[in-house]
1. Go through (1) under 25 Å from E238 (Cα atoms); (2) assigned to a loop (DSSP other than H, G, I, E, B) and name the single condition P138 misses.
2. Does the stretch 48-65 include one or more residues that are under 19 Å from the mean Cα position of the chain (by Cα), farther than 19 Å from E201 by Cβ and either modelled with pLDDT of 90 or more or surrounded by 15 or more Cβ atoms within 10 Å (Cβ to Cβ) (or both)?
3. Is it true that G205 is at positive phi and among the small types (G, A, S)?
4. Taking the stated definitions as given, is A169 touching an Asp or Glu at 6+ places or on another chain (Cβ under 8 Å), of a type in the set (A, V, I, L, M, F, W, C) and surrounded by 16 or more Cβ atoms within 10 Å (Cβ to Cβ)?
5. Quick one: is L235 under 22 Å from L51 (Cβ atoms), modelled with pLDDT of 95 or more, under 15 Å from the mean Cα position of the chain (by Cα) and surrounded by 16 or more Cβ atoms within 10 Å (Cβ to Cβ)?
6. Could you check, for the stretch 188-207, whether at least one of its residues is aromatic (F, W, Y), touching an Asp or Glu at 6+ places or on another chain (Cβ under 9 Å) and outside any loop (DSSP other than H, G, I, E, B)?
7. Looking at (1) surrounded by 17 or more Cβ atoms within 10 Å (Cβ to Cβ); (2) at pLDDT 95 or above; (3) assigned to a loop (DSSP other than H, G, I, E, B), can you tell me which one S214 breaks?
Amino acid sequence: MAMRKIVNIDEDLCDGCGDCVPSCAEGAIQIIGGKAVLLADNLCDGLGACLGECPQGAITVTERDADEFDEIAVEAHLSKMPDLGPSHGGHGLGDLLQPTPASAPHAHAHGGGCPSSRTMHFPVAGPPTAVPSGTPAPAASELRQWPVQLHLVSPTAPYFQGADLLLAADCAAFASAEFHQRFLRGRALAMACPKLDSGREIYLGKLIAMIDQSRINTLTVAIMEVPCCSGLLSLAKEAVAAASRKVPIKLAVLGVQGQVVREEWV
């Protein structure tokens with residue numbers, strides 16, 4: 001046992017909705033007796049991907065004596081889960097989950113909850129579909145993964161392995177008309193708001209895991225020109241400083257009308 005960060009579930013606040021269950025890449029949380037339960041300490045990595053899914057605020061990350069996180073135990077546990085098996089995403093435990101079939105668009109894994117954090121990887125887009133002459137061809141999406149919100153992503157998902165990472169402020173994608181082509185193309189994505197999002201320490205831990213465990217190649221930070229947005233660059237720099245590996249950081253600053261104010265390695 002050792003002092004480490006681990007998920008804590010307040011039974012009094014939990015209403016058993018199950019929204020937290022699919023966001024745990026390790027399958028460490030299940031609904032038992034109408035309440036969310038952490039099955040075993042060694043199945044929880046302590047990163048807190050489930051926090052953002054709890055509408056009651058019943059889940060927190062605390063520091064206490066707990067068994068060390070055990071990837072082998074996680075793999076064995078996932079292999080026994082009939083709905084996911086060893087292909088459940090996260091921590092290099094196998095292939096990514098496939099998107100829910102169109103015939104069952106509202107099906108949820110683990111017996112309930114929202115699929116917002118179900119790990120998916122999309123193929124590279126093929127040639128554009130033919131359009132009538134004189135009609136502008138629709139721009140193809142450069143998004144190759146799901147989820148994208150930093151609270152929801154598993155930092156060791158296969159699509160982060162050796163990737164060039166784009167850490168983007170939420171507003172950047174709406175401000176820039178060329179966000180997909182100029183910034184997202186060829187990169188994995190994580191989005192966050194340094195002003196409104198809670199759980200900064202969770203964000204920091206995930207970025208460090210992406211650097212050290214997923215061994216990302218580069219880190220591009222796309223932020224808005226407004227002062228509060230600079231917190232995302234500070235978070236990236238802090239993660240690189242705390243990680244055992246060092247990766248280069250590229251900064252892209254956008255004006256409120258989407259123009260690129262500056263772009264530089266920092």
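The values are calculated or read from the model by the stated rules, or taken from the named source; none is laboratory data. Just so we're clear, the structure is a prediction, and the values are computed from it rather than from any experiment. Cβ coordinates were reconstructed from backbone atoms using ideal geometry, including for glycine residues, and neighbour counts include every protein chain displayed.
1. P138 satisfies all of (1) under 25 Å from E238 (Cα atoms); (2) assigned to a loop (DSSP other than H, G, I, E, B) except (1).
2. Taking every residue of the stretch 48-65 in turn, none turns out to be under 19 Å from the mean Cα position of the chain (by Cα), farther than 19 Å from E201 by Cβ and either modelled with pLDDT of 90 or more or surrounded by 15 or more Cβ atoms within 10 Å (Cβ to Cβ) (or both).
3. Numbers: at positive phi: no; among the small types (G, A, S): yes.
Answer is no for this residue.
4. no
5. No; evaluated as a whole, the condition is false for this residue.
6. yes
7. Among (1) surrounded by 17 or more Cβ atoms within 10 Å (Cβ to Cβ); (2) at pLDDT 95 or above; (3) assigned to a loop (DSSP other than H, G, I, E, B), S214 violates only (2).
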